[in-house]
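Beneath this line is the structure, given in structure tokens, with notes to follow.
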């Protein structure tokens, strides 16, 4: 009896609700439109890794991470939004590593000097860790995933305390620039000495200037709410960055130069498959310590068996290359990915096959300067190929890669990488 009464009440409620719906739409169409705009803005923030609040957007990147040096790393961070101010912003984070038992933090802010060109002057103070041999472009867009696969296995970090001032400017909608002046105190967390002019440095100070340009000639841009937004992702894209280190300026120890380049191209085929090519190159000259040289995006941990090395595959990393195996002062990598049209087995099960080949080459001058750490060089071509089957279950898939050519290892199993893939992003 109670069940029948519940069904009747439910039907009356539903009928009444649907009967009144046209009037609600007519009366509150403006409210519905505003709610739709708010929902779109909310999803956009979440997709960029932010949880928006009234005047402040919480940065989801700092909630939880894991690496071999810090163990679990957790904290809070964020940035003020346009409700706080359209001309000023404040950002920062505070995190704690449970394995190294240290706090890391950054505080900063900026102010806009020209709205039409989206020109900002930014200031920051950072006390944190950075992976040795990594090289980032200032103009890179923010990219958010639930976790960063390579980060799980990284163990070679250097601590840096960096003060910086930067200028962010759009020369045109297709050409973005960012310039940064910075001073850093560098302290490797591992045994390392940089030998120069009969002097050994295990910590050092650097004063640097960076200029980064990102050119997207085939993308389409629109002005939304006073800012330039990319509405069509066109290819190819080009990024160039120059770094200059100055000795004796603000107690800096070394003179060195770096030039980094990246181009990304994508071919879209008629059968809904696509081919991606990514070329990355870098050259460092002068008195450059290992912390600011190049690895080739390795993502394989040094353990005995394939199953012990089973982890999560990166997005653009060499899955069979072991961490800290190679370093270079000149290097280039080429990655070719061909993604087939997803197999529509059902509405919810659409796995996708991706074929991948990666190549790397590099050189290293004056290896004797870098003491306390053992590594190899990449004078010969490094090669690996394999495949991924993505989106098998809840965004997870599997990958297989095989190392061959000049750097093929004697034991067959040491050349194989078998891993998870994870391809969900907000």
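Readers should treat all values here as calculations from the given coordinates under stated rules, not as data from a laboratory. These numbers were taken from a predicted model, which means no experiment stands behind them. Here Cβ is always computed from backbone atoms with ideal geometry, including for glycine, and neighbour counts include all displayed protein chains.
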Helix 29-47: angle to the longest alpha-carbon principal axis of the chain, degrees 0 to 90, nearest 10?
20
Gaussian network model of the chain, springs between alpha carbon atoms under 10 Å - residue of 317, 172, 346 with greatest fluctuation:
346
Taking only Cα atoms, what is the 0 to 90° angle, nearest 10, from helix 2-27's long axis to the longest principal axis of the chain?
80
The Cα radius of gyration of segment 81-169, divided by 2.2 N^0.38 Å with N its residue count, comes to 1.28
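Note the per residue figure in Å³ for the convex hull of the C-alpha positions in segment 319-424.
Working: hull volume 13.0 nm³, N = 106.
For segment 319-424, the hull spanned by Cα atoms encloses 122 Å³ per residue.
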State the Cα centre-to-centre distance between segment 299-314 and segment 394-426 in whole Å.
8
For the chain, one quarter of the surface area of the C-alpha convex hull, expressed in nm², comes to 27.6
With Cα springs under 10 Å, the Gaussian network model of the chain assigns the largest mean-square fluctuation among 388, 347, 272 to 347
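How many percent of all Cα-Cα pairs in segment 131-262 sit more than 18 Å apart?
Details: 5636 of 8646 pairs.
Distances greater than 18 Å cover 65 percent of the Cα pairs.
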Projected onto their principal axes, the Cα atoms of segment 223-307 stretch, largest extent first, over whole-Å spans of 56, 53, 23
Between segment 150-228 and segment 90-142, the Cα center-to-center distance that results, in Å:
10
Using R₀ = 45 Å, calculate the FRET efficiency as 1/(1 + (r/R₀)^6) where r is the Cβ-Cβ separation of residue 209 and residue 346; round to 0.05.
0.25
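Using the per-residue mean of other Cβ atoms lying within 10 Å as a proxy for protection, in what order, highest first, do the peptides 187-195, 414-422 fall? Walk me through the numbers on the way to the answer.
On the way: 187-195: 16.8, 414-422: 19.2.
Order by mean packing, descending: 414-422, 187-195.
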